[in-house]
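Visitor: Quick one: the structure is below, and I'll ask about it shortly.
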Amino acid sequence: MAKLDINWVRAQFPAFSEPSLHEQAFFENAGGSYTCKPVIDRLTRFYRQRKVQPYGPFEASRLAGQEMDESRTRLAAMLGVGSDELSFGPSTTQNTYVLAQAFRQHLASGDAIVVTNQDHEANSGPWRRLADEGFDIREWKIDPDTGHLDPAGLDELLADGKVRLVCFPHCSNVVGEVNDVAAICTKARAAGAFTCVDGVSYAPHGLVNVDALGADIYLFSAYKTYGPHQGIMVIRRALGEALPNQGHYFNGDALYKRFTPAGPDHAQIAASAGMVDYFDAMAAHHGITGDAATMAAGVHDLMRAHETNLLQPLLDYLISKNSVRLLGPARADRRAPTVALVTHEPAAGLAEQLAPLGIMAGGGDFYALRALQAQGVDPAHGVLRVSFTHYTSEGEVAKLIGALDQVI
């Protein structure tokens with residue numbers, strides 16, 4: 001496999017040539033990534049040339065609708081699903097809330113839903129609220145020492161055949177361990193349950209083939225995958241057509257409109273095609289060929305290999321420090337480069353100390369209060385989170401380690 005050309009990659013992101021960000025190493029990517037140039041260019045063009053109601057008979061309107069359709073069609077192809085199985089919403093949190101309302105109407109008394117305490121609250125809270133409607137909410141618990149979500153722990157929860165939905169993360173935004181989504185989906189399906197996978201923390205490190213994973217729902221955020229602030233939602237056809245329509249009644253026949261009751265953000269949806277432009281350009285630059293899904297897989301592997309190589313030295317440094325507790329695995333090949341640390345000092349203060357050293361990082365609970373509490377961490381104390389992605393350089397990781405050595 002080709003080695004990622006980091007200089008080419010960074011040239012695709014205007015932030016790296018922005019004077020105000022000079023010598024600032026960005027390590028809060030799990031909260032939102034830098035935006036790639038093709039997305040910025042498409043968004044600017046839309047606002048300048050297409051900012052009209054789309055799908056009308058005149059040229060500007062026709063082009064506006066065409067660009068919105070292009071985003072959905074091309075992203076769906078990269079994810080290995082039908083174009084109408086992908087839809088956009090204001091955020092992943094909002095998309096999940098809408099899905100929960102659909103399941104509330106669809107499920108029967110006595111049905112059960114499995115949630116985890118490893119999740120970001122967005123893929124836990126909306127489902128847990130259904131307990132108020134009389135549904136059985138079952139918690140799949142992580143190991144309090146390691147944060148690991150053991151697939152064997154799901155067996156007992158599924159045993160009575162009453163579970164209709166299993167909700168879990170591709171990887172946690174504080175534990176970082178990559179869960180075996182395909183195996184979990186296979187297990188859930190065998191028990192007669194659908195799956196809802198929160199891919200928000202994994203997708204920035206490579207888009208997945210949702211069909212190959214076997215997930216019935218896969219959710220992620222465009223603003224964390226180098227794009228605009230939109231939630232992207234894949235719902236496979238069989239489930240999407242079975243769930244009650246949550247959109248306008250006259251849009252019920254269009255699968256991609258059934259779970260987006262809010263009016264679409266035309267410009268941001270159109271600009272999301274720039275994400276695909278970027279992935280396509282990366283594939284071409286590195287000699288990756290094939291159909292959209294094949295190229296996406298190649299780019300995924302390229303990005304992950306680069307990130308893994310940069311991550312292991314950071315993990316090795318952290319486990320050598322007695323003053324630090326690392327959440328999640330110490331092996332880079334088992335996790336995403338989203339690294340949460342527990343120290344004696346409150347995390348927000350550590351993030352403040354890192355800022356003058358040119359390190360942009362965050363401290364807090366990151367909406368993962370249940371995961372922190374399950375591991376014995378006081379959310380008010382929080383964790384210092386340093387997260388990066390494929391555009392991070394080896395020099396920036398070295399700078400991070402040097403800065404951490406000063407503050408911890």
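Visitor: What are the residues whose amide H is under 5 Å from the amide H of Gln230, where those residues sit 5 or more places off or on another chain and H is modelled from the backbone?
Guide: Ala222, Tyr223
Visitor: Can I ask one more? Rounded, prolate or oblate: which fits the stretch 217-289, taking a ≥ b ≥ c as square roots of the Cα gyration tensor eigenvalues, rounded meaning a/c under 1.5, else prolate when a/b beats b/c?
Guide: Verdict is prolate for the stretch 217-289.
Visitor: How do Ser17, Ser201 stack up against each other in accessible area, from largest to smallest, with a 1.4 angstrom probe?
Guide: Ser17, Ser201
Visitor: Once the dipole of the stretch 84-264 is set up with Lys and Arg at +1 and Asp and Glu at -1 on Cβ about the Cα centre, which of Ala183, Tyr97, Val200 lies farthest towards its positive end?
Guide: Tyr97
Visitor: Still on this model: In whole Å, what is the distance between the alpha-carbon centres of the stretch 262-333 and the stretch 16-62?
Guide: Value for the Cα centre distance between the two parts: 19 Å.
Visitor: Report the FRET efficiency, 1/(1 + (r/R0)^6), for Glu241 and Tyr47, where r is their Cβ-Cβ distance and R0 is 41 Å, rounded to 0.05.
Guide: Values: r = 35 Å, r/R0 = 0.86.
The pair Glu241/Tyr47 has a calculated efficiency of 0.70.
Visitor: Tell me which residues come under 5 Å, amide H to amide H, from Trp140 once H is placed; ignore anything under 5 positions away on its chain.
Guide: Val115, Thr116, Asn117
Visitor: Rounded to a whole number, what % of the accessible area of the chain do carbon and sulfur atoms account for, probe 1.4 Å?
Guide: Numbers: 8170 of 16140 Å².
Percent of accessible area from carbon and sulfur atoms in the chain: 51.
Visitor: Convert each backbone phi in the stretch 379-384 into a coupling constant with the Karplus relation 6.51 cos²θ - 1.76 cosθ + 1.60 (shift: θ = phi - 60°), then list the ³J(HN,Hα) values in order as whole Hz, x for Gly and Pro.
Guide: Values per residue, Gly and Pro as x: x, 5, 6, x, 10, 7 Hz.
Visitor: Placing unit charges on C-beta atoms (Lys and Arg positive, Asp and Glu negative, everything else neutral), compute the dipole magnitude of the stretch 84-264 about its Cα centre in debye, rounded to 20.
Guide: Numbers: 14 positive and 22 negative charges, 107 e Å.
Result for the stretch 84-264 is approximately 520 debye, rounded to the nearest 20.
Visitor: May I pose another question? Hey, with R₀ at 35 Å, roughly what FRET efficiency would Asp160 and Gln373 work out to, going by the Cβ-Cβ distance, to 0.05?
Guide: Using R0 = 35 Å, I get an efficiency of 0.80.
Visitor: Obtain the radius of gyration and the Kirkwood radius of the stretch 306-408 from its C-alpha atoms and give Rg over Rh.
Guide: Taking Rg over the Kirkwood Rh, I get 0.93.
Visitor: Nearest 500 deg cm²/dmol is fine: what mean residue ellipticity at 222 nm does the chain get from its DSSP H runs of n ≥ 4 alone, each adding -39,500 (n - 2.57), divided by its residue count?
Guide: Computed ellipticity for the chain at 222 nm equals -12000 deg cm²/dmol.
Visitor: Counting only C-alpha contacts under 8 Å and six or more residues apart, can you give the relative contact order of the stretch 234-300 as a whole percent?
Guide: With pairs under 8 Å counted, the relative contact order is 19 percent.
Visitor: So, by mean Cβ neighbours within 10 angstrom, what's the order for 149-158, 213-222 with the highest one leading? Can you show the working numbers first?
Guide: On the way: 149-158: 15.7, 213-222: 24.7.
Going by the mean number of other Cβ atoms within 10 Å, highest first, we get 213-222, 149-158.
Visitor: Just how much of Tyr367 is accessible, in Å², when a 1.4 Å probe is used and the result is rounded to the nearest 10?
Guide: Counting only protein heavy atoms, the figure is 150 Å².
Visitor: Relative contact order for the stretch 84-264 using alpha-carbon pairs under 8 Å, separation at least 6, rounded to a whole percent? Could the numbers behind the result be given before it?
Guide: Numbers: 343 pairs, mean separation 50.9, N = 181.
Relative contact order, the stretch 84-264: 28 percent.
Visitor: Would you mind working out the magnitude of the charge dipole of the chain relative to its Cα centre, with +1 at each Lys and Arg C-beta and -1 at each Asp and Glu C-beta, to the nearest 20 Debye?
Guide: The calculation lands at about 660 debye.
Visitor: What ³J(HN,Hα) values, in whole Hz, does the Karplus curve 6.51 cos²θ - 1.76 cosθ + 1.60 give for the stretch 142-152 when θ = phi - 60°, with x put for Gly and Pro?
Guide: Karplus-based 3J(HN,Hα) across the stretch 142-152 equals 7, 5, x, 8, 10, x, 5, 9, 6, x, 5 Hz.
Visitor: To the nearest 0.05, what FRET efficiency results for Asn251 and Glu59 with a Förster distance of 30 Å applied to their C-beta separation?
Guide: Details: r = 25 Å, r/R0 = 0.84.
Given R0 = 30 Å and the Cβ-Cβ separation, E is 0.75.
Visitor: Same structure again: Evaluate the relative contact order of the chain (contact order divided by residue number), counting alpha-carbon pairs under 8 angstrom at least 6 apart; express in whole percent.
Guide: Dividing the mean separation by the residue count of the chain yields 24 percent.
Visitor: Something else: Mind checking the per residue accessible area of the chain for me, 1.4 Å probe, whole number of Å²?
Guide: 40 Å²
Visitor: Turning to a different aspect of this structure: For Gly362, list long-range residues whose amide hydrogen, built 1.01 Å from N in the peptide plane, is under 5 Å from its own amide hydrogen.
Guide: Those qualifying (amide H under 5 Å, at least 5 residues apart or on another chain) are Arg385.
Visitor: A follow-up question, please. Ignoring ligands and nucleic acids, what accessible area does Ser393 show with a 1.4 Å probe (Å², nearest 10)?
Guide: 20 Å²
Visitor: Per residue of the stretch 242-256, in order, report the coupling 6.51 cos²θ - 1.76 cosθ + 1.60 (Karplus, θ = phi - 60°) as ³J(HN,Hα) in whole Hz, putting x for Gly and Pro.
Guide: 7, 6, x, 4, 9, x, 4, 4, 7, 9, x, 7, 9, 4, 6
Visitor: Can you find, among Gly252, Gly376, Leu239, the residue sitting farthest towards the positive end of the charge dipole of the chain, where Lys and Arg contribute +1 and Asp and Glu -1 at Cβ?
Guide: The one lying farthest along the dipole's positive direction is Gly252.
Visitor: When the scattering of the chain is computed by the Debye formula from its Cα atoms alone, each counted once and equally, what is log10 I(q)/I(0) at q = 0.08, 0.10, 0.14 Å⁻¹?
Guide: The Cα Debye sum returns log10 ratios of -0.43, -0.67, -1.30.
Visitor: Please compute the modelled spin-label separation between Ala11 and Asn322, points set 7 Å along Cα→Cβ, answer in nm with one decimal.
Guide: For Asn322 paired with Ala11, the spin-label model returns 4.9 nm.
The values are calculated or read from the model by the stated rules, or taken from the named source; none is laboratory data. What you are looking at is a predicted structure, and each value in this text was computed from that prediction instead of being measured. Every residue, glycine as well, gets a Cβ built from its backbone with ideal geometry; the counts of neighbours run over all protein chains shown. Each accessible area value is taken on the protein alone, full model and side chains, heavy atoms only, with ligands, DNA and RNA left out. Shrake-Rupley method; radii C 1.70, N 1.55, O 1.52, S 1.80 Å.
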